[in-house]
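The values are calculated or read from the model by the stated rules, or taken from the named source; none is laboratory data. This one's a predicted model, so the numbers in the text were calculated from it and none came from an experiment. For neighbour counting, all protein chains shown are included, and Cβ atoms are generated from backbone atoms with ideal geometry for every residue, glycine included.
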Amino acid sequence: MATQSSKSGSKAKTQAKRATTEAKKSAKASAGAGQRAATQTVVAEKNQVQSVAEAAVDLPVGAVLSVSDRLSDLVEPWTDRSKAEKQLKSYRAQLRKSIKRTERRGATARRRATTEARRTRSRVEREARKTQSSIKRNRNEVEQRVRRALDEQTSRAQGLVDQVTDQLSALR
């Protein structure tokens with residue numbers, strides 16, 4: 001039995017060694033993975049800082065270059081006499097074109113306003129004629145009614161006068 005216990009002891013030692021070795025490998029691998037993760041984080045942060053720094057430098061440089069290009073575009077046509085004359089000719093043509101367009105728009109607006117005024121005038125005159133004929137018709141009707149009433153009242157009054165005259169004659 002002593003051999004069995006020594007075999008068991010030797011197996012236990014081997015297993016213990018194996019477990020220790022595996023633990024060391026695992027610890028080494030974990031440490032390596034942690035170191036790689038830390039390295040990657042450092043590299044990512046370095047890249048981000050570099051990117052922000054580049055943007056901070058690129059923006060003003062780009063702005064200066066844009067302004068420089070715009071100034072060059074503005075000044076360039078005026079550096080040579082022939083170029084300046086050509087630019088002036090172009091401006092004159094654009095101005096003429098703009099003036100003609102504005103004049104056409106003004107003429108169109110004037111024509112529309114005139115047409116609208118003419119239509120409005122015709123409509124108002126038509127309505128005035130209708131109203132005038134209606135007033136004339138109503139006036140004639142009122143005059144006829146007044147004449148009839150006047151005639152009726154005159155004849156009634158004459159009848160009363162005749163009646164009073166007859167009664168006075170009868171009394172005398």
Check: Regarding Glu85, is this residue at pLDDT 95 or above and either in a helix (DSSP H, G or I) or out of contact with any Ser or Thr (no Cβ under 9 Å at 6 or more places or on another chain) (or both)?
Finding: no
Next item on the list: Considering only region 24-72, state which residues are of a type in the set (Lys, Arg) and farther than 30 Å from Lys83 by Cβ.
Entry: Lys24, Lys25, Lys28, Arg36, Lys46
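Assess whether Glu54 counts as being at pLDDT 85 or above and either exposed (fewer than 10 other Cβ atoms within 10 Å of the Cβ) or among the acidic types (Asp, Glu) (or both).
no
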Item checked: Test result for Val75, exposed (fewer than 10 other Cβ atoms within 10 Å of the Cβ) and assigned to a helix (DSSP H, G or I) -> yes
